[in-house]
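The block underneath contains the structure these notes are about, expressed in C-alpha cells.
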Amino acid sequence: MPELPEVETMVRGIRDSLVGSRISEVLLPPCACRPIQIFPGIEEMRQTSHGERIAAVRRRAKRVVIQLENEHAFVIEPRMTGLMLLGDPPDREHLRFEWRLISGRRRFSVWFWDRRGLGTLKLLNPEELEKLLTGPVLGPDALELTLEHLRNRLGKTDRPVKVALLDQKLIAGIGNLYASEILHLAGISPATASSKISTSRLERLLSATQEVLQLAIRYEGSTLGDGTYRNALNQDGSYQNQHRVYAREGEVCRTCGTGEILRIVQAQRSTFYCPRCQKR
DNA sequence: CCCCAGTCCTGCGGGC
DNA sequence: TGCCCGCAGGACTGGG
C-alpha cells in the first residue's frame, strides 16, 4: 500500500526521466475493468497538457504531483494498489493512464497502473494545486514535522495515537503500516490517548517518525506478500524485511526478544504492537 | 466541530 | 475441487 516512503520512491524513480520532457499525448488505455476516477475529462486534460513541458515531479503526502510549465499539475493518488511505472507493468489489463513523452529524440511513456482501481488522477489548475499543497485538507508532511506540529495537532484530540496518526488532516503521509512501525520505535502504545502524551514522548515520536520513514525510503518502500507495491521499474522494495511489528502477529519482538507481537483492530484497521516495548 | 461506521474496489486465502 | 466469504486500507461521505 503506497504510503509516504513508497510514493517518494515512485517520484524518485520517474523524476529524472520526466523533468524537461514534453507531453505529446495522454491516453486512457483500453481496459476491461471499471475506469478509475479522473478529473476533469480526458479531452480537457489533452487541451491543457498537450505539448507542455514537465517542470517538476514531486510528492505531497501520499500523492504524486507532476507540475507542468503552464503551472497546471497532474496529481495522482495511488491509494491501495496504484503504481507509477516507466518499465513493464505487472500486467496490461490494469493500466489506467498513459502519458506519452518526448525528450529530445527519445519517445517514451510513463504509466499509472492500478489493480484495484481505487486510485484517482486529477489535472489541477494553479489555484487548485495551491490549495492541495498548502490548504487544510492535508496537514504538514510527515517528513517536515516539528515538535510544535505534534503538540498542537495531537494535543487537541483524545483519539488513540495510532488512529490520529492516520488522519491526513493532522499529519500527512503516514498510513496503516508505518503508523505501527513508528509507534513501536517510539515505545508508545497505539491505544494511548493522543492528548495524554508528554512532551518528552512526543519528541521520541517525532524522531521515530523521521527514522522509520527515512529508512523505509532508503530501502525503497515495503513490498508485502500480495506483491502489489513496486518501484518505477516494477522491482520490489525491501523495507518489509526490516518490519518491527507490521504483519508479525504471534512472532517474537526483535527489540526485547521476549514480547509477543499482538494484533488489535482500531478504527477498523489492524494495528500491530509489542506490549512489552510499548507502554501508555 | 469532532468522530466513527460504511463505502468503493480486486485478488487472495481460509473454510467447508 | 470449487465456491463463497472475509479481509486488506486510502480517502471520502453521511449522520450522530
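Numbers for the structure displayed
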read-out: Some residue of the range A:105-123 being surrounded by 20 or more Cβ atoms within 10 Å (Cβ to Cβ), within 16 Å of DNA strand C (Cβ to nearest atom) and among the aliphatic types (A, V, I, L, M); value: yes
read-out: Residue list for the range A:142-169, restricted to those being among the charged types (D, E, K, R), within 20 Å of A:Arg60 (Cβ to Cβ), within 15 Å of DNA strand B (Cβ to nearest atom) and not in a loop (DSSP other than H, G, I, E, B); value: A:Arg153
read-out: Criterion: aliphatic (A, V, I, L, M) and within 16 Å of DNA strand C (Cβ to nearest atom) - qualifying residue of A:Ile197, A:Ile188, A:Ile174; value: A:Ile174
read-out: Test: residue in the range A:11-26 that is under 23 Å from the mean Cα position of the chain (by Cα), under 26 Å from A:Arg105 (Cα atoms), more than 16 Å from DNA strand B (Cβ to nearest atom) and polar (S, T, N, Q); value: yes
read-out: Test: residue in the range A:74-86 that is at pLDDT 90 or above and farther than 21 Å from A:Glu220 by Cβ; value: yes
read-out: Subset of the range A:206-244 [hydrophobic (A, V, I, L, M, F, W, C) and modelled with pLDDT of 90 or more]; value: A:Leu206, A:Ala208, A:Val212, A:Leu213, A:Leu215, A:Ala216, A:Ile217
read-out: Selection count where residues are of a type in the set (A, V, I, L, M), assigned to a loop (DSSP other than H, G, I, E, B) and touching a Phe, Trp or Tyr at 6+ places or on another chain (Cβ under 9 Å), scope the range A:82-141; value: 1
read-out: Where A:Glu211 falls short, out of the listed (1) touching a Leu at 6+ places or on another chain (Cβ under 7 Å); (2) crowded, with 16+ Cβ neighbours inside 10 Å; value: (2)
read-out: Counted residues, the range A:247-269 - those being in a loop (DSSP other than H, G, I, E, B) and either more than 13 Å from DNA strand C (Cβ to nearest atom) or surrounded by fewer than 13 Cβ atoms within 10 Å (Cβ to Cβ) (or both); value: 11
read-out: Of all residues making up the range A:213-250, the number that are in contact with a strand residue (DSSP E or B) (Cβ under 9 Å, 6 or more places away or on another chain), away from DNA strand B (no atom under 16 Å from the Cβ) and not polar (S, T, N, Q); value: 6
read-out: Complete set of residues in the range A:254-270 that are within 16 Å of DNA strand B (Cβ to nearest atom) and more than 22 Å from the chain's Cα centre (by Cα); value: A:Arg263, A:Ile264
read-out: All positions within the range A:169-205 that are farther than 20 Å from A:Arg276 by Cβ and buried (at least 18 other Cβ atoms within 10 Å of the Cβ); value: A:Leu170, A:Ile171, A:Ala172, A:Gly173, A:Ile174, A:Gly175, A:Asn176, A:Leu177, A:Tyr178, A:Ser194, A:Leu202
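The values are calculated or read from the model by the stated rules, or taken from the named source; none is laboratory data. Remember, predicted model here, so these are calculated numbers, not experimental data. Cβ sites come from the backbone with ideal geometry, for glycine too, and all protein chains shown count toward neighbours.
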